[in-house]
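Read-outs throughout are calculated quantities, based only on the coordinates presented, and are distinct from any laboratory measurement. Just so it is clear, the structure is predicted and the values come from calculations on it, not from any experiment. Quick reminder, even Gly has a Cβ in these numbers, built from the backbone with ideal geometry, and neighbours come from all protein chains shown.
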Amino acid sequence: MFASLCLSVLAGCYSLQPARTAVPQQGTRVAFDVNDAGRLALGGSMGPEIDQVEGNLLEAESDGYLLSVTAVRLLRGGEQRWAGEAVLIKREYINNTYVRQFSPGRTVAASVAGVVAIAAIATASLSPGGFVDVPDDTTTPGGARRVPRFPGARSGMFGPRRSPLWLQPHLGRP
């Protein structure tokens, strides 16, 4: 359980935040909102419905950005994964610039949810299961019947009671 907590904190949660500086640093993960002129110009190489381009900034030049593209988000909500192809995106094709930043609040929330889920699974797997012998008043003295440990297991609480498939008649035959 401790290892999963450590892994979730190390992996962390990141979110795209508006860039505070005019030109992001090289090597940072960035995303650009593409305007209509950019869609028209980049449509032949990246697709006509691009909304946002995300990747690692390789170079910031005076006329644009050289980006190692990792994802392209589409206008209608889809997303395409890219394998790091280098694309030059001119500054006049960009509406907004975002930088990927570590989000401590989301990381803590995800870590807590993970630990709670693992604890619930561990608790359920360690709790005893099976059947319990319960004295049965209708049988002979000392007799007992077997009932499941958790309520509703055989009472139809979780849906209609059905016999196993191999006990059901096949094609009208018993």
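Want the number for Thr70 to Asn35: 0.36 nm per residue separation, take away the alpha-carbon distance, what's left?
10.7 nm
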Seminar exercise, completed: The computed P(r) of the range 2-102 puts the percent of Cα pairs beyond 24 Å at 23 percent
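Only Cα pairs under 8 Å and at least 6 apart count here; give the relative contact order of the range 2-102 as a rounded whole percent.
Relative contact order of the range 2-102: 34 percent.
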Exercise. Counting Lys +1, Arg +1, Asp -1, Glu -1, what net charge surrounds Ile50 among other residues with beta carbon under 12 Å of its beta carbon?
Worked result: -3
